Amino acid sequence: MLVLFETPAGFALFKVLDEGKLSKVEDLWKEFSTADTARQVVKLKAFSKFENTSEALSAATLLIDSKPSKGLRKFLRAHCDGESLAVADSKLGNAIKEKLKIDCVHNNAVMELMRGVRSQLTELISGLGAQDLAPMSLGLSHSLSRYKLKFSPDKVDTMIIQAIGLLDDLDKELNTYAMRVREWYGWHFPELAKIVTDNILYAKVVKLMGSRSNAAKIDFSEILPEEVETELKEAAMISMGTEVSDLDLMNIKELCDQVLSLAEYRAQLYDYLKSRMNTIAPNLTALVGELVGARLIAHGGSLLNLAKQPGSTVQILGAEKALFRALKTKHATPKYGLIYHASLIGQAAPKHKGKIARSLAAKAAIAIRYDALGDSQDNSLGLENRAKLEARLRNLEGRELGRSAGSAKGKPKIEMYDKDRKQGAGAMITTAKVYNPSADAVLGRTGPEAEKQQEMVPQKRKKEAEPSQTEEAEEVVPVVDGDKKEKKKKKKKVDTEDNDEVGAEPETEEVGKKEQKKKKKHSTENEDENVEGEKKKKKKRKHAEAEEEETESPSKKEKKKKKKKKNED
């Protein structure tokens, strides 16, 4: 029996000298307690050395997947003729048996034998020292770990994080510098800011023109279209700006050079970012674009960290402040964060943006995981998901168009009630409540007497109305405070009488006559009091006239006497 043993340096093939000792599995470890006893159990037959680290890595990865490498197959064909082979992995043994037709053994005795060989490996293989084996195993383990994690220098997302941060900083600086150029040169040629709106074109025009007096001589055809060029030249002739010196113009031109150089570097940086995004995250780039994808990676910290996040987190990534504010105030949470700037959400109608953002975030989460942990480097998954999202967007818009076109023909139209609307079928949805006379109940006596009393009620009301009209006519004269109080009392009495008539039992004729007499008495008393009040007022007026006459001077009295005599004559 032969034993196949894998080492960091290569494959070793040992010959079992005494197979009878394998029957005692529990005592097998004692045979490998020393190197001499171990040599009595197994002996090295052949050794296949790895030529380089890449070969060792490829062989180790295949062994992890339970597959024999090409070098291992050649090695076994050369040394395993008609003998059984002890292997540590049963799946590997099955693969060797199928391809090489070699009988393979895997049991507890073989596993115990492997442990013993591993403990005395440096003694059993001559030329392989412990000092050489340790660095070999360390290097192979590092290489294997990198391979298992799909680590490669092309997959480094740190460059993307730094590039998108620098791109945002450049945009801020460019805007600041461009506004400074407009403000500075605006003192000399203020009309140019409205004619040329683009910041880069503005800086190019200022650099080429210098003073506005040179505008008529310079050809702007390479920078501006013909219409804008003619407008610029006409405005330069009648400009309201102040004159500036050559030193000022030189500084303005240097600032324009800075703006143009920053714009050129920004374009180069954007191309670099685009290429890196297509290399590192092609599927995410196909879904949301280069800039949005790069911002998502930068916000998440790395592509691997972003791959651990669910779709709901990807959806609101960048809107954390709004999210926690909404949770604190118990308002609606945000529907999107950085993903809002993706082109798919921009194409959607405002009422569909939330649905498309949720769908896009779910597909983006799948694309991120595929980019971070997948093997292939193509963007087929991203393009396929984008097509699905575009179809969903068209479906949502088509559904709304169908509704507005009148697809729901047979359904009745329910209109809201409008109190100002008096005509039309939709004026009232629910019918108004009708007065139910059968709900009125008369307590007390029934029969012909009750009918008589009901006939007497309208007569009483007529009689009460007549004296009230006469009272209103008489009360035109000014009334004293006492009269007001009595009026209030009368009103209260009338109200209580009306209520009694509506809800209580009908009264008899005698009660009605007594009330009429009382009212007449009250009315006569009110008239007497009004007459007394008028008399008192007249007396007061006479007293006031007498006092005025006494206070007048004697000269005025003489004048009045003369006037009286003249009138008499």
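Brief remarks on what is shown
- Residue in segment 209-225 that is surrounded by 16 or more Cβ atoms within 10 Å (Cβ to Cβ), in a helix (DSSP H, G or I) and not assigned by the TED database to the domain that holds Gln347 present: yes
- Checklist (1) modelled with pLDDT under 90; (2) among the basic types (Lys, Arg); (3) open to solvent by 60 Å² or more (accessible area, probe 1.4 Å) applied to Lys204, failing item: (1)
- Sub-8 Å Cβ pairs linking a first residue in segment 49-66 that is at positive phi to a second residue that is open to solvent by 40 Å² or more (accessible area, probe 1.4 Å) and not in a helix (DSSP H, G or I), at least 6 apart or interchain, are Ser66/Asp89, ordered by first then second residue.
- Cross-chain or 6+ apart pairs with Cβ under 6 Å, segment 309-332 first and touching a residue at least 12 places away in the same chain (Cβ under 8 Å), then part of a helix (DSSP H, G or I) and among the small types (Gly, Ala, Ser): Gly311/Ala361; Gly311/Ala362; Gly311/Ala365; Val314/Ala361; Val314/Ala364; Val314/Ala365; Gln315/Ala357; Gln315/Ala361
Here's the yes/no breakdown for (1) in a loop (DSSP other than H, G, I, E, B); (2) in the same structural domain as Gln258 (by the TED database):
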| site | (1), (2) |
| --- | --- |
| Ser137 | no, no |
| Leu144 | no, no |
| Asp169 | no, yes |
| Phe189 | yes, yes |
| Lys204 | no, yes |
| Lys207 | no, yes |
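- Residue in segment 327-341 that is assigned by the TED database to the domain that holds Glu290, over 15 Å from the mean Cα position of the chain (by Cα) and under 29 Å from Asn278 (Cβ atoms) present: no
- Any hit, segment 259-275, residues being in a loop (DSSP other than H, G, I, E, B) and surrounded by 17 or more Cβ atoms within 10 Å (Cβ to Cβ): no
The values are calculated or read from the model by the stated rules, or taken from the named source; none is laboratory data. No experiment lies behind these values; they were computed from the predicted model shown. So basically every Cβ, Gly included, is an ideal-geometry build from the backbone, and we count neighbours across all protein chains shown. Just so you know, the surface numbers come from the protein's heavy atoms only, side chains and all, with ligands and any DNA or RNA stripped out. Shrake-Rupley method; radii C 1.70, N 1.55, O 1.52, S 1.80 Å.
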